[in-house]
1. Enter the mean projected area of the convex hull around the alpha-carbon atoms of the range 43-133, in nm², rounded to one decimal.
2. Sorting check: for 38-50, 80-92, which peptide has the highest mean count of neighbouring beta carbons within 10 Å, and how do the rest follow?
3. Return the whole-Å distance between the Cα centroid of the range 1-34 and the Cα centroid of the range 88-133.
4. In Å, what is the Rg of the alpha-carbon atoms in the range 1-84, and how long is Dmax?
5. Would you be so kind as to identify which of Val88, Ala75, Trp130 lies farthest towards the positive end of the dipole of the chain, taking Lys and Arg as +1 and Asp and Glu as -1 on Cβ and the Cα centre as origin?
6. With +1 on each Lys and Arg Cβ and -1 on each Asp and Glu Cβ, how big is the dipole of the chain about its Cα centre, in debye rounded to the nearest 20?
7. Give me the percent of accessible area attributable to carbon and sulfur for the range 1-120, probe 1.4 angstrom.
8. In square angstrom, what is the accessible area per residue of the range 25-108 with a 1.4 angstrom probe?
Amino acid sequence: MTIPPPDAHPRDAVAAAVRALGEQAVVAWCGELVRGADSRHPLAFLGGAEDWPDHWRREWGVRGLRYAWGDGADATVLLALGDDHGRVRAMAVAVAVARGVDEALPAVEALRDDPVPRVRAAVDRALVRWAAR
């Protein structure tokens, strides 16, 4: 198993994880991270570090779904939209629109008044992209 270098772009890091573990295993692992489970694989596969705070693990679990997709990924994105940390919600918004998780649109729209500016900005960008489809 080849661990990507610490400065690898997340796309390249996740691609290395997919080669080593298989895409569906990476999708399941990202879901576990979003749900708060301990990581069973090196976080370097997502561009991370083992000493990351819990919310970063959840955020990068969602971010991993930008580059790996399979069964359960949409449910993970929907779950992340309700996370209690703004960074996780903002990333979930970005992944929802990037991956075309249309069933997430009502939850994304509900975040228009989120107390976190990063989340509101992500929602604004996402709604423009959804409207342009």
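The values are calculated or read from the model by the stated rules, or taken from the named source; none is laboratory data. Since the model is a prediction, treat every value here as computed from it, not as a measurement. For neighbour counting, all protein chains shown are included, and Cβ atoms are generated from backbone atoms with ideal geometry for every residue, glycine included. To get the accessible areas, we keep the full protein, side chains included, count just its heavy atoms, and leave off ligands, DNA and RNA. Shrake-Rupley method; radii C 1.70, N 1.55, O 1.52, S 1.80 Å.
1. Details: hull surface 22.9 nm².
Mean projected area of the Cα convex hull: 5.7 nm².
2. Working: 38-50: 17.6, 80-92: 22.2.
Order by mean packing, descending: 80-92, 38-50.
3. So the separation of the two Cα centres works out to 24 Å.
4. Taking only Cα atoms of the range 1-84, I get Rg and Dmax of 11.4, 34 Å.
5. Trp130
6. Numbers: 17 positive and 19 negative charges, 77 e Å.
Charge dipole, the chain, about its Cα centre: 380 debye, nearest 20.
7. Details: 2910 of 5750 Å².
Result for the range 1-120: 51 percent of the exposed heavy-atom area is carbon or sulfur.
8. Values: 3300 Å² over 84 residues.
It amounts to 39 Å² per residue over the range 25-108.
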